[in-house]
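J.: A single structure is presented below for examination.
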Amino acid sequence: MKVSVKVPATSANIGPGFDCLGLALPIYNTVTIEETVLPGTGIEINMISEEEVMDEMIFDDIPKDENNIVYRAVEMLYNSIGQEPSELKINIQSQIPITRGLGSSAAVIVGGLIAANKLLGSPADETALLSLATEVEGHPDNVAPAILGGFVLSSQEDDGTITYRKLDWPQEWDITVCIPDFELSTNIARSVLPENVPLQDAVYNAKHLAMLIEAVNSKDEKLMKIALHDKLHQPYREKLVPGMKEIMEAFKHEDGVLGCVLSGAGPTMLIISHKYDLDKIKSTVREIWEPQSVKVDIRTLKVEPKGAEILD
Ligand code: HSE
């Protein structure tokens, strides 16, 4: 038996929602898992990138054995019901650029878990799958929208349980992702964050996150523009993303641009706009990045309302 699951890319944080907000985007990875019939064949992991050659090089560094994150997630699911995975063939077809802050690892973890769950007769419900995915990924903000689609608020509580709610993202708000040609691993981007932050910065983010939720609920663009600011992760990550500060500054006072934030841990920049000249976004970002020899792939997208989907 063979099951394929298509999973959207995700952008986490969305300014002040560090480790708790994320939205799905219409770029996809597809994970196929097949239980092979021949005993003793072990696991086989294949990855096909539909992206450019640079990602092929990163692909070579991804483990193709039991240390692969998809296999680890699948193994945890089997173990949770007292089983061990036997001979498995895992194929990953990837459109989501890797190490760019667009949730490529979350997508394959979620795809692997949902495919394996189907193979096992669906023992895990949505919450259990989200818990397992969070355990592998470390935080729920990418895996939650990868499973559910849309715009999702999620939190891992102290006892490990995951609380999550899907919120209504105004579909008229455009999302422009500006994907540079350099990588930034989440581990490095997390390593520059401090253990403790000043109280006023924590309060700043609490206020802005509350404003953001209200702005999205009431489609209040003026409030959204005030809300989309962060003091918990972006200021520390600026040094890892050349041009980030200039790009954010360039859109600060533009009518129609609701905000410009780092996508997840970066380096992709995400611009939220409504009725704004999208060509102007492209030219502004290119004018900043190209003199720094950074090539950039810019795509304007709508939030993907659908989450992971089992293909027939
Ligand atoms: N919330 C995470 C971070 C997302 O910013 O480190 C990483 O994908």
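The values are calculated or read from the model by the stated rules, or taken from the named source; none is laboratory data. In this text, all values refer to a predicted model and were calculated from it rather than measured experimentally. Neighbour counts run over all protein chains shown; Cβ positions are idealised from the backbone, glycine included. Note: accessible area is taken over every heavy atom of the protein model, side chains too, but ligands, DNA and RNA are not part of it. Shrake-Rupley method; radii C 1.70, N 1.55, O 1.52, S 1.80 Å.
J.: Output the pairs from Lys166/Lys207; Lys245/Lys302; Lys207/Lys231; Lys245/Lys295 with a Cα-Cα distance over 22 Å in this structure; if there are none, say none. Each step should come with its number before you reach the end.
T.: Working: Lys166/Lys207 20 Å; Lys245/Lys302 25 Å; Lys207/Lys231 11 Å; Lys245/Lys295 17 Å.
Pairs exceeding 22 Å: Lys245/Lys302.
J.: For the range 210-312, what class follows from the C-alpha gyration tensor (a ≥ b ≥ c being the square roots of its eigenvalues): rounded when a/c is under 1.5, otherwise prolate if a/b is larger than b/c, else oblate?
T.: rounded
J.: Also: If we count every other residue with Cβ under 12 angstrom of Val136's Cβ, Lys/Arg +1 and Asp/Glu -1, where does the sum land?
T.: Counting the neighbours of Val136, the net charge comes to -2.
J.: With each run of n ≥ 4 DSSP H residues scored as -39500 (n - 2.57), what mean residue ellipticity at 222 nm is computed for the chain after dividing by its residue count and rounding to the nearest 500 deg cm²/dmol?
T.: That calculation yields -11000 deg cm²/dmol at 222 nm.
J.: Can I ask one more? Could you compute how fast the range 207-268 diffuses translationally, taking Rh as the Kirkwood radius over C-alpha pairs and applying Stokes-Einstein at 10 °C with viscosity 1.306 mPa s? Give it in µm² per second.
T.: Working: Rh = 12.3 Å.
Diffusion coefficient, whole number: 129 µm²/s.
J.: Continuing with this model, one more query. Two decimals is fine: what's Rg over Rh for the chain, C-alpha atoms, Kirkwood radius as Rh? Each step should come with its number before you reach the end.
T.: Numbers: Rg = 19.4 Å, Rh = 19.8 Å.
Using Cα coordinates only, the ratio equals 0.98.
J.: Output the relative contact order of the chain, whole-number percent, from Cα pairs under 8 angstrom with separation of 6+ residues. Intermediate values should be presented prior to the final figure.
T.: Working: 674 pairs, mean separation 80.3, N = 312.
In percent, rounded to a whole number, it is 26.
J.: Can I ask one more? Give me the mean projected area, in nm² to one decimal, of the convex hull enclosing the Cα positions of the range 61-147.
T.: 5.5 nm²
J.: Taking the C-alpha atoms of the range 256-312, how large are the radius of gyration and the largest Cα-Cα span, Dmax, in Å?
T.: Values for the range 256-312 (Cα only, Rg and Dmax): 14.2, 47 Å.
J.: Of all accessible surface on the range 174-301 at a 1.4 Å probe, what whole percent is carbon and sulfur?
T.: C and S fraction of accessible area: 52 percent.
J.: Enter the accessible area per residue of the chain (Å², integer; probe 1.4 Å; all protein chains in place).
T.: It amounts to 44 Å² per residue over the chain.
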